[in-house]
């Protein structure tokens with residue numbers, strides 16, 4: 001059985017023979033998970049010594065992991081692991097699910113890795129991320145969203161066809177259909193009200209909902225996020241969801257330009273937390289609608305199995321002052 005893809009190593013980490021450097025730090029909550037893992041490793045290594053059904057490299061990895069976890073337990077969790085290759089190991093496949101020794105050890109391993117990363121690399125909640133993104137972006141995993149400019153990846157249109165189609169349709173004239181009628185009405189309503197002063201974010205959000213009613217369906221409000229692998233929680237202002245509660249559009253609203261931090265970074269962080277909260281791995285394209293005062297812009301998001309999020313602009317910034325000559329809904 002392969003380990004969760006969320007534990008896959010970065011592309012440049014393949015040298016599993018090197019021992020990690022160890023350095024003391026404050027105790028963390030992964031200590032109890034480490035003790036459980038150590039017990040399971042002892043059982044697994046006894047089993048591995050008695051048969052040759054697994055590669056020699058896997059046995060070597062398990063011995064190194066046992067050495068590391070033994071020291072970690074002896075230090076009562078007061079240890080920082082540098083060179084985290086041993087936190088990203090792949091377990092052999094057990095397709096029939098009968099190898100309980102392997103499964104138990106793999107589950108204990110995943111529990112420890114999640115707990116360790118959660119407390120060793122805590123990231124701020126989405127609101128704080130928006131306000132302090134320059135320092136937050138120095139942590140790993142990164143949001144590849146061109147903030148700063150060096151943090152960017154492939155064009156989104158090469159990752160999923162829905163992004164390419166959106167770009168084409170956004171530049172095309174509106175078709176003659178009922179959706180186009182709703183779109184023009186929504187555009188007229190937004191341009192007629194978004195320039196007003198609002199008491200708070202909630203008031204602006206409610207007005208945006210009213211203006212786009214009938215175009216996007218029903219916006220779900222305040223989707224709570226509490227991923228097991230995160231030390232913090234958060235919520236998304238608005239979402240468009242499938243019947244199975246899968247999110248395909250996220251929206252963050254700010255009262256005015258310059259208030260509440262960078263909305264672009266906040267909603268990208270929302271998406272990353274949502275993907276972890278849902279337990280899914282790579283993929284899952286999504287659209288982000290960012291409202292900041294009289295400005296609106298749309299972005300696309302894509303998450304890779306290495307926990308890296310691609311977030312790039314799909315539309316130019318729209319200022320709600322005049323009715324657009326054409327409007328398109330993805």
Checklist outcome for this item: Taking 0.36 nm per residue of separation between residue 235 and residue 119 and subtracting their Cα-Cα distance, the length gained on full extension comes to 39.7 nm
Checklist entry - So, in nm, how far is label residue 259 from label residue 149 when the simple model puts each one 7 Å beyond its Cα toward the Cβ? => result 3.2
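Output the peptides 70-80, 149-159, 232-242 sorted from most to least packed, where packing is the average of other Cβ atoms within 10 Å over each peptide's residues.
Packing order, densest peptide first, comes out as 232-242, 70-80, 149-159.
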Checklist entry - When only Cα pairs under 8 Å and 6 or more residues apart are kept, what is the percent relative contact order across region 126-319? => result 24
Item to check | Residue list for region 228-267, given a label point 7 angstrom along the Cα-to-Cβ vector of residue 169 and an amide N cut-off under 18 Å | outcome: 240-243, 247-251
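Taking the Cβ-Cβ separation of residue 181 and residue 135 as r and a Förster radius of 45 Å, what is the calculated FRET efficiency to the nearest 0.05?
Rounded to the nearest 0.05, the efficiency is 0.45.
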Item to check | Inter-label distance, nm, simple model (7 Å from Cα along the C-beta direction), residue 246/residue 57 | outcome: 3.3
Checklist entry - Taking the mean number of other Cβ atoms within 10 Å as a proxy for protection, how do you rank 199-207, 35-43, 290-298 from highest to lowest? => result 290-298, 35-43, 199-207
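Each reported figure results from applying straightforward, stated rules to the coordinates on display, with no laboratory input. Everything numeric here is computed off the predicted structure, so don't read it as measured data. All Cβ positions, glycine included, derive from the backbone under ideal geometry; neighbour counts span all protein chains shown.
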